[in-house]
Amino acid sequence: MKVLVIGGGGREHALCWKLAQSESVSEVVCAPGNPGIAKVARCVDIAADDIGGLIDLAQAEQPRLVVIGPEAPLVLGLADRLRAHNIAVFGPSQAAAELEGSKSFSKTLMDEAKVPTAKFEIHTDADEAEQCIRAWGAPIVVKASGLAAGKGVIVAHDVQEAVDAARDMLSGNSFGDAGSQVVIEECLIGEEASCLFIVSGDTILPLASSQDHKALLDGDQGPNTGGMGAYSPAPCVTEDVANNVMEQVAKPIIAALKARGIPFIGTLYAGIMITEQGIKTLEFNVRFGDPECQPLMSRLTSDLGEVLLAAAESRLDDVTLSWDERVALCVVVASNGYPAAFEKGQTIAGLDDVERAGTVVFHAGTAEQHGNIINTGGRVLGVTALGNSVKEAQTTVYDALKALDWLGGFYRKDIGYRAISK
Ligand code: AMP
Ligand code: GLY
């Protein structure tokens, strides 16, 4: 079958790469794609949020299945529009995507469904937000309710920092409309993990566990980013934890959506914190994690095309997933300056040597210019390897990265450290 993938980041490169290996898939088309994706798919230069352009593309290409990678087109209702044209889609409706698109909706639904999560208040008025922050004290978490590419969350260690963050968000300065509502949350302490599920109606199929590294700097210091590296499986997700996430988080939230008349087809991503009081849900996303998708696809041995088509056609109950027993680990290489401003257009060399050293280089923020690969985004590459242990996969990636020839990039040197220290 022909599959159309929407998006052009590292996650979509990993999805296209796996789909291209699937026996069920004869052709992968990707919009807009990137130079890495172009090695495994035919790229069409239509942006992932150009809903009209994507509908025209899908009608012209007539794919058997459309897979929507990023949250933006989901929140804009691309899945609904495609389904209205009788095209099979892997990705939730606009209504279901509110689970990610609005943290205030998501927290309210968690409360309703009794999904364990941090204590919270939702505010639109800066003085009331300040009152809440002063009453609760620090540490405290302030979140822009809308989409902010992983950067709209401030874990504040003093009250003034939290007050300033809330006022800044509510004034529309940093996040525009996405900050017009803020969620103030109790600060949780524990180890984080990413628990992803392929969902179709009442069928909820867990993917292998993974762990992301959201902070910019080694030792989980510095501001939050979209994710600086990930690996799978995550040893902190024991069988017990996995069962609890299924029973206390995934099942009740999907049931609560259904009770509101909102069926879910796509990936449910529960970001969880394993605390001394048990698991707590940090957030929901409605798509594969980026970079978690890169190690997950590196380990998946099932036919991805068949799995996603089955979900799109509401016959997921027949499907089981199989995984490579080995560990996969992905280190993100970002542009110097990310997550703030950075210089674009620098030439990146040595990529073939990095791959020859036993890795797969997934492209995220890259473009091709006069035959060279250049950086165009904050997160640029996801260098991924398999190994018999986290340490082994980590060593392969970091050794391979010595061949990367790009002075304008940087990466964390400790991806996987929590698992290695266990
Ligand atoms: P979110 O986008 O809501 O998952 O938040 C991004 C990151 O901020 C999470 O991965 C955590 O590292 C951190 N975070 C979010 N909420 C909390 C919380 N209530 N307590 C502690 N850390 C949090
Ligand atoms: N890696 C975090 C996310 O995809 O939201």
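Here is how the numbers come out for the structure above:
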read-out: Calculated FRET value between ASP399 and GLN62, using beta carbons and R₀ = 56 Å, to 0.05; value: 0.80
read-out: Extension gain from GLN131 to LYS258, taking 0.36 nm per residue of separation minus the Cα-Cα distance; value: 42.2 nm
read-out: Extended-chain gain in nm, criterion 0.36 nm per residue less alpha-carbon gap, ALA349 and GLU276; value: 21.7 nm
read-out: Volume per residue that the Cα convex hull of region 284-348 spans, once the total is divided by residue count, Å³; value: 162 Å³
read-out: Label point distance in nm, GLN160-GLU325, each placed 7 Å from Cα along Cα→Cβ; value: 5.7 nm
read-out: Spin-label zone in region 253-293 - amide nitrogen under 16 Å from a point set 7 Å from the Cα of SER24 along the C-beta vector; value: 265-267
read-out: Radius, Kirkwood style, for the chain when every pair of distinct Cα atoms is counted (Å); value: 21.6 Å
read-out: Global form of region 25-87, assessed from the alpha-carbon gyration tensor, a/c cut-off 1.5; value: oblate
read-out: Overall form of region 1-145 per C-alpha gyration tensor (a/c, 1.5; a/b vs b/c); value: prolate
read-out: Antiparallel DSSP beta bridges within the chain, as percent of all bridges there, nearest 5; value: 80 percent
read-out: Estimated dipole of the chain in Debye, rounded to 20 [Cβ of Lys and Arg +1, of Asp and Glu -1, Cα centre]; value: 460 debye
read-out: Alpha-carbon centroid distance for the pair region 133-187 / region 31-101, whole angstrom; value: 31 Å
read-out: Förster radius 30 Å - calculated FRET efficiency between SER421 and ASN243 (Cβ-Cβ, nearest 0.05); value: 0.75
read-out: As computed over region 342-422, the Cα convex hull volume per residue (Å³); value: 85 Å³
read-out: Shape of region 241-339, Cα gyration tensor, a/c cut at 1.5; value: oblate
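Any read-out appearing in this document is the output of simple, stated calculations on the displayed coordinates, not a laboratory observation. Since the model is a prediction, treat every value here as computed from it, not as a measurement. FYI the Cβ positions are ideal-geometry reconstructions off the backbone, even for glycines, and counts take in every protein chain you see.
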